[in-house]
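Novice: Below: one structure in structure tokens.
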Amino acid sequence: MFAGKTFLEIIMIGGFTMYILLFCSLISIAIFLERLLYYRKLSKIKRAEFMAAMRRALSNKNMERAAEICRITPAPFSQVVHAGLELHNRSGKEISNAMEREITVATGKLERYTSIVATIGNTAVYIGLFGTVLGIIRAFHDISAAGAGGMSIVIGGVAEALVCTATGLFVAIPAVIAYNYFTKRVEQFITDMELCASELVDLIGAK
């Protein structure tokens, strides 16, 4: 059916919905690459190494050194710990509240754009089905206008229309996988932030 046809010709067969799906695919890929690089950048420093350095600084009561470690560490949990250190002379509840607020802010940054990928994963299949329905309607309309056509013509028109459904699946499946990956990574970052916040409260309270 599509033997010898170029990629552009296949897109034209599918109709305007193919352009929508192609646009969604490009957005999904762009967000995936951007988030992947962003998460890798934030994962260069391990939580255990960071907290070991914090314990050494706080055991010597060197708050300036502890704050400096937070500033030079490009990780969400370092921002959370820094928010707690700024209130080290306050009550434990105030320190915890400040770190919880910072966790909320950091989580928002980590989840940025991921909802777009989730939306693409949920809607791409339906966009493809919509294109298929339009293609089938167009095929039967052409047959009716011609006043003739056997089963082979009907099957050919349906086969061409189904390219939209196939493309929708091709776009949706990677988007869903990417969103699940994002969700897992964000959960890991949140866990690290919560563990660092809990440990800092213990370290400050132990001074």
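Novice: Could you say which residue among Ile143, Ile153, Ile137 is surrounded by fewer than 16 Cβ atoms within 10 Å (Cβ to Cβ), modelled with pLDDT of 75 or more and hydrophobic (A, V, I, L, M, F, W, C)? Write out each step before concluding.
Specialist: Values: Ile143 fails: modelled with pLDDT of 75 or more; Ile153 fails: modelled with pLDDT of 75 or more.
Just one listed residue meets the conditions, Ile137.
Novice: Could you run through the range 184-207 and say how many residues are exposed (fewer than 13 other Cβ atoms within 10 Å of the Cβ) and either aliphatic (A, V, I, L, M) or part of a helix (DSSP H, G or I) (or both)? Spell out how you get there, then give the answer.
Specialist: Initial filter on the range 184-207 (exposed (fewer than 13 other Cβ atoms within 10 Å of the Cβ)): 184, 187, 191, 198, 202, 205-207.
Among the residues that remain, those that are also either aliphatic (A, V, I, L, M) or part of a helix (DSSP H, G or I) (or both) are: 184, 187, 191, 198, 202, 205-206.
The total comes to 7.
Novice: Continuing with this model, one more query. State which residue pairs qualify: first residue in contact (Cβ under 8 Å) with a residue 12 or more places away in the chain and inside the range 129-142, second residue surrounded by fewer than 20 Cβ atoms within 10 Å (Cβ to Cβ) and outside any helix (DSSP H, G or I) in any location, beta carbons under 6 Å apart, and separation of 6 or more residues or different chains.
Specialist: Final answer for the pair search is Gly131/Gly15; Thr132/Leu162.
Novice: Looking at Arg112, Arg101 in this structure, which one is outside any helix (DSSP H, G or I) and at pLDDT 90 or above? Walk me through it before giving the result.
Specialist: Working: Arg101 fails: outside any helix (DSSP H, G or I).
The unique qualifying residue is Arg112.
Quick grid of which residues meet (1) within 30 Å of Ile177 (Cβ to Cβ); (2) at pLDDT 90 or above; (3) among the polar types (S, T, N, Q):
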site: Leu33; (1), (2), (3): yes, yes, no
site: Tyr39; (1), (2), (3): yes, yes, no
site: Lys46; (1), (2), (3): yes, no, no
site: Gln79; (1), (2), (3): yes, yes, yes
site: His82; (1), (2), (3): no, yes, no
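Novice: So, one more: Quick one: count up the residues across the range 34-50 that are surrounded by fewer than 19 Cβ atoms within 10 Å (Cβ to Cβ), touching a residue at least 12 places away in the same chain (Cβ under 8 Å) and over 13 Å from Pro76 (Cβ atoms).
Specialist: 1
The values are calculated or read from the model by the stated rules, or taken from the named source; none is laboratory data. None of these values were measured; they are calculated from a predicted model. FYI the Cβ positions are ideal-geometry reconstructions off the backbone, even for glycines, and counts take in every protein chain you see.
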